[in-house]
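Participant: Right, I'll just put the structure down here and ask away after.
The values are calculated or read from the model by the stated rules, or taken from the named source; none is laboratory data. The shown structure was predicted, so the numbers you read here are calculated from the model rather than taken from an experiment. Backbone-built Cβ (ideal geometry, glycine too); neighbour counts: all protein chains shown. Each accessible area value is taken on the protein alone, full model and side chains, heavy atoms only, with ligands, DNA and RNA left out. Shrake-Rupley method; radii C 1.70, N 1.55, O 1.52, S 1.80 Å.
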Amino acid sequence: MKQDFYELLGVARDAGTEDIKTAYRKLAMAHHPDRNPGNKESEEHFKRINEAYDVLRDPQKRSVYDRYGAGGPGGAGAEAQGFDFGNIGGIFEEVFSEFVGARAGGRGGAGPARGSDLRYDMEISLDEAFSGIEREIRIASAAACDSCKGSGSKPGTQPQTCPTCRGHGRVRVQRGFFTLEQACHACQGVGRIIKDPCPSCKGAGRKRVERQLSIRIPPGVEDGTRIRLTGEGEAGPNGTPSGDLYVVLGIRAHPFFQREGASIYCRAPIPMTIAALGGQIEVPTIDGSRIMLDIPVGTQTGQQFRLRAKGMSVLHSESRGEMYVQSIVETPTNLTRREEEILREFARERGEREHEDTEGGFLSRIKEFWKDISE
C-alpha cells in the first residue's frame with residue numbers, strides 16, 4: 001500500500017499550496033540524487049515525494065486523490081492521473097528556480113536594481129510634535145549626473161541593451177541538475193552596456209552631492225515615527241530608480257508634560273490653603289494656552305483631574321487626547337512668627353484632630369496593630 005501523499009510531504013490535509021510547495025522544496029533538497037550519490041533508498045524517496053507533489057499541487061488531481069486515494073477512480077494509478085516520472089527534474093527546477101529568484105532580487109530576480117534607501121534622524125520638541133512643523137534638512141547622497149541625466153553615457157549617446165541578458169539584468173546558469181539565476185556578468189545586473197561613458201561621472205550616472213530638502217512633520221507624531229520620502233534616497237546606477245529617504249523622529253523630553261499616546265500628564269503644586277478650602281489654580285496646556293482648574297475642598301496629594309480635549313493632537317485627525325493633572329499639596333516653609341501662631345491656634349481649634357481617622361481606616365488599623373504588640 002502506498003504511503004499517503006500528505007504524510008509523505010509532512011503536511012496537513014487542508015494545507016495550502018504554498019505550504020505544500022515549501023514542504024516539498026525542503027524534502028527535495030534533502031533527498032536529491034546529486035546530494036546522495038549511490039543511495040538507492042534516497043533516490044526512491046525523491047521519486048515518491050515528486051509524485052506526491054505533482055498530484056497535490058494540481059487542484060484537479062488533488063480533488064480526485066482526496067476522494068479515491070492513490071489508486072484513483074476505477075483502480076487507475078497515479079500514472080493514469082497524468083504524472084510523468086520523466087518530468088521529475090522539471091518539477092524540481094520549477095520550484096527551485098522560483099525560490100532562487102525570490103531570494104536574489106525580491107522581484108523574481110528580473111529587472112535592474114535601484115538606489116539605496118537613506119535614513120535621517122531628526123529630533124523635535126513635544127510642542128513641535130503637537131503642532132506639526134516644516135523643517136529644512138541637508139543630506140549628502142548620490143544624485144543623478146547633470147551632464148548625462150543619470151544615463152552614464154556621453155551626452156548625445158544612449159546606453160545599449162545588454163546582448164547577454166537582453167536587458168533583464170539576470171541570466172540562468174545550468175549547474176548539473178540545478179538551474180540557477182544570477183546577475184548578468186556582462187552588465188553587472190543593470191541590463192544595459194555603456195559604450196561611450198559620460199566624462200563628467202565616468203559612466204556611473206551619478207555624483208556625490210549635498211541636497212537640501214523641506215520636511216513636513218504632521219501634528220500628532222510619536223517618538224520613533226518614520227516618514228518616507230519616495231525617490232529621495234540614493235540615485236540608482238546608470239539611470240535606474242532612486243531609493244527612498246526615511247526620516248526617523250525622536251521627541252525630546254518636556255520639562256513639565258509627560259506623554260502617553262494622545263494623553264498628556266502633568267503635576268500641579270497646590271497651596272495648602274486652596275487644597276483645604278477649595279479654589280482655583282492656573283494650569284498651562286500643551287497648546288500654549290492656560291486654563292483655570294477648579295480645586296474642590298479637601299483636595300489631597302495625588303488626586304487627579306481630567307481636562308477633556310486638552311491633550312496631544314491625534315495623527316491625521318482633528319481630535320485631541322485628554323490632559324490629566326495630578327495635585328501636589330504644598331506644605332508651607334519659612335513661616336513667620338505670626339504664621340506659626342495661626343497654625344498652632346488652628347491645631348488647638350481642631351483639638352489635635354489632624355490625626356483623626358474614620359473607623360476601620362488606615363490610622364485605626366495602625367493603632368490596633370501597636371496595641372496588639374504592646375499586650
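Participant: So, in the range 1-37, of the ones that are open to solvent by less than 30 Å² (accessible area, probe 1.4 Å) and touching a residue at least 60 places away in the same chain (Cβ under 8 Å), which residue ends up farthest from residue 48 (Cα to Cα)?
Facilitator: Residue satisfying both the conditions and the ranking: 21.
Participant: Ok, one more. Of all the residues that make up the range 198-213, how many are crowded, with 18+ Cβ neighbours inside 10 Å and in a loop (DSSP other than H, G, I, E, B)?
Facilitator: Total satisfying the criteria: 5.
Participant: Failed condition for residue 190, given (1) in contact with a Pro (Cβ under 6 Å, 6 or more places away or on another chain); (2) of a type outside the set (Lys, Arg); (3) at pLDDT 85 or above, with all others met?
Facilitator: Status for residue 190: all satisfied but (3).
Participant: Evaluate the following for residue 279: is it touching a strand residue (DSSP E or B) at 6+ places or on another chain (Cβ under 6 Å), open to solvent by less than 40 Å² (accessible area, probe 1.4 Å) and at positive phi?
Facilitator: yes
Participant: Another question, if that's okay. Of the conditions (1) out of contact with any Cys (no Cβ under 9 Å at 6 or more places or on another chain); (2) over 14 Å from residue 130 (Cβ atoms); (3) among the hydroxyl-bearing types (Ser, Thr, Tyr); (4) surrounded by 14 or more Cβ atoms within 10 Å (Cβ to Cβ), residue 331 satisfies every one except a single condition; which number is it?
Facilitator: Every condition holds for residue 331 apart from (4).
Participant: To continue, here is another question. Inside the range 38-67, can you point out the residues that are open to solvent by 20 Å² or more (accessible area, probe 1.4 Å) and of a type in the set (D, E, K, R)?
Facilitator: 40, 41, 43, 44, 47, 48, 57, 58, 61, 62, 66, 67
Participant: If you don't mind, another one. Please list, ordered by first then second residue, the pairs with beta carbon atoms under 8 Å, 6 or more apart or interchain, first in the range 250-277 and farther than 18 Å from residue 305 by Cβ, second assigned to a strand (DSSP E or B) and of a type in the set (Lys, Arg).
Facilitator: 251/259
Participant: Would you check which residues across the range 228-245 are touching a Leu at 6+ places or on another chain (Cβ under 7 Å) and either of a type in the set (Gly, Ala, Ser) or open to solvent by 30 Å² or more (accessible area, probe 1.4 Å) (or both) and list them?
Facilitator: Once the filter is applied, which keeps residues that are touching a Leu at 6+ places or on another chain (Cβ under 7 Å) and either of a type in the set (Gly, Ala, Ser) or open to solvent by 30 Å² or more (accessible area, probe 1.4 Å) (or both), the range 228-245 yields 229, 232, 233, 243.
Participant: Residue 308 - would you say it is open to solvent by 100 Å² or more (accessible area, probe 1.4 Å), modelled with pLDDT of 95 or more and of a type outside the set (S, T, N, Q)?
Facilitator: Taking the combined requirement at face value, the residue satisfies it.
Participant: While we're looking at this one, here's another question. For the range 193-229, give me each residue that is of a type in the set (Val, Ile, Thr) and closer than 20 Å to residue 136 by Cα.
Facilitator: 209, 215, 217, 221, 225, 227
Participant: On to the next question. In the range 278-291, is there at least one residue being touching a Lys or Arg at 6+ places or on another chain (Cβ under 6 Å), in contact (Cβ under 8 Å) with a residue 24 or more places away in the chain, of a type outside the set (A, V, I, L, M) and under 30 Å from residue 191 (Cα atoms)? Working first, answer last.
Facilitator: Of the residues in the range 278-291, the ones touching a Lys or Arg at 6+ places or on another chain (Cβ under 6 Å) are 282, 284-285.
Checking which are in contact (Cβ under 8 Å) with a residue 24 or more places away in the chain leaves us with 284-285.
Within this subset, residues satisfying the condition of being of a type outside the set (A, V, I, L, M) are 284-285.
Of the ones still in play, those that are also under 30 Å from residue 191 (Cα atoms) are none.
No - not one qualifying residue is present in the range 278-291.
Participant: Within the bounds of the range 214-226, is there any residue that is open to solvent by less than 80 Å² (accessible area, probe 1.4 Å), at pLDDT below 90 and assigned to a strand (DSSP E or B)?
Facilitator: No.
Participant: If you scan the range 132-163, which residues turn out to be open to solvent by less than 70 Å² (accessible area, probe 1.4 Å), over 19 Å from residue 210 (Cα atoms) and over 24 Å from the mean Cα position of the chain (by Cα)?
Facilitator: Within the range 132-163, 151, 152, 153, 157, 159, 162 qualify.
Participant: Condition first: modelled with pLDDT under 80, farther than 22 Å from residue 256 by Cα, open to solvent by less than 50 Å² (accessible area, probe 1.4 Å) and in a helix (DSSP H, G or I). Can you find one or more residues in the range 340-348 that meet it?
Facilitator: no
Participant: Taking the criterion of being surrounded by 13 or more Cβ atoms within 10 Å (Cβ to Cβ) and at pLDDT 90 or above, would at least one residue in the range 90-107 satisfy it?
Facilitator: There is no residue in the range 90-107 that is surrounded by 13 or more Cβ atoms within 10 Å (Cβ to Cβ) and at pLDDT 90 or above.
Participant: Then there's this: Residues that are among the acidic types (Asp, Glu), in a loop (DSSP other than H, G, I, E, B), surrounded by 11 or more Cβ atoms within 10 Å (Cβ to Cβ) and modelled with pLDDT under 90: does the range 357-373 have at least one?
Facilitator: yes
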